[in-house]
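The structure appears below as structure tokens.
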Amino acid sequence: MSIKQFSRSRDGTTRITPNFLIREFASNCGTDVIMLDTRLPPILERIRELCGNKSVRISSANRSLAHNRSIGSKDTSNHVKGGAADITIAGVENTIICRAAETALREAGIPGELILYTGRQNFVHVAVDWQGRRYRGINDGTLRNAPGWEPLPATPKQATPQSPPATAPTFKQYQIRVRLTDPNSFLHIRSSPSNTSNSIGRLKHGDTRTVIEEANGTAVNGDTVWLKVAGVVTGWISRNLTFREQ
Ligand SMILES: [Zn+2]
């Protein structure tokens, strides 16, 4: 059976699902005993998700029999057994909540009970009905049968599938040889394709390296192409000061 008994003092701050504490389902009369049908919180989680991950406010969930009678509800109410919640979501129309509830119940394979309270009462009653009974209604002071609501299109549940990592376009590597007009000078390997970026190493005339990437950077003698060369130090050199070997 999915109906469990909890204690407000002992279990109140325990999360039954990621966004709901057990105490949120407690009877408003203040009794310590909380009866809860554990199929209900996941339904509320899904409604929350379908309504844009906005907080669901529960105005009444479990009710002690005495409290239920005191507000004039029938003893057979799903609230007494811990299977119902009266909810609102700030900024979301109650009819949208009904549509989200239709989706959530349908996905869970629970016929459920769904009543839209209009006018002064203005909330949505959602129940997981353990007798397998489906009920839809509108209460505008008088309870009337309703056909139900068009389910909201089901957006993906929390764990969205990861798209495969984009494969980098393959760059055809080639060799270069450093060509300096002054054989005693050095060519700086830069941290980025710019002759003002940090020098992280240097090459001398005649050194060879493998080019693993090309990019545009600052112009050297009118040539804006920079080459990323691999080696003990991997960094950028201007193409202008090299020639291609193969
Ligand atoms: Zn209710």
Exercise for the section: Kindly state which strands (runs of 3 or more DSSP E) lie completely within region 29-131 and contain at least 3 residues that are aliphatic (A, V, I, L, M). Expected result: 33-37, 84-88, 113-117, 123-127
Practice task
Collect the residues in region 115-131 that are polar (S, T, N, Q) and either touching a Pro at 6+ places or on another chain (Cβ under 6 Å) or within 12 Å of the ligand (Cβ to nearest atom) (or both), keeping them in residue-number order.
Solution key: Gln121
Practice task
May I ask you to list the residues in region 202-227 that are under 14 Å from Val178 (Cα atoms) and touching a residue at least 24 places away in the same chain (Cβ under 8 Å)?
Solution key: Leu203, Lys204, His205, Gly206, Asp207, Thr208, Arg209, Thr210, Val211, Trp226, Leu227
Practice task
Could you check, for region 64-82, whether at least one of its residues is more than 16 Å from the ligand (Cβ to nearest atom) and surrounded by fewer than 13 Cβ atoms within 10 Å (Cβ to Cβ)?
Solution key: yes
Practice task
Assess whether Ala90 counts as being within 16 Å of the ligand (Cβ to nearest atom) and either small (Gly, Ala, Ser) or modelled with pLDDT under 95 (or both).
Solution key: no
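The values are calculated or read from the model by the stated rules, or taken from the named source; none is laboratory data. Keep in mind that this is a model prediction, so the values were computed, not measured. Neighbour counts run over all protein chains shown; Cβ positions are idealised from the backbone, glycine included.
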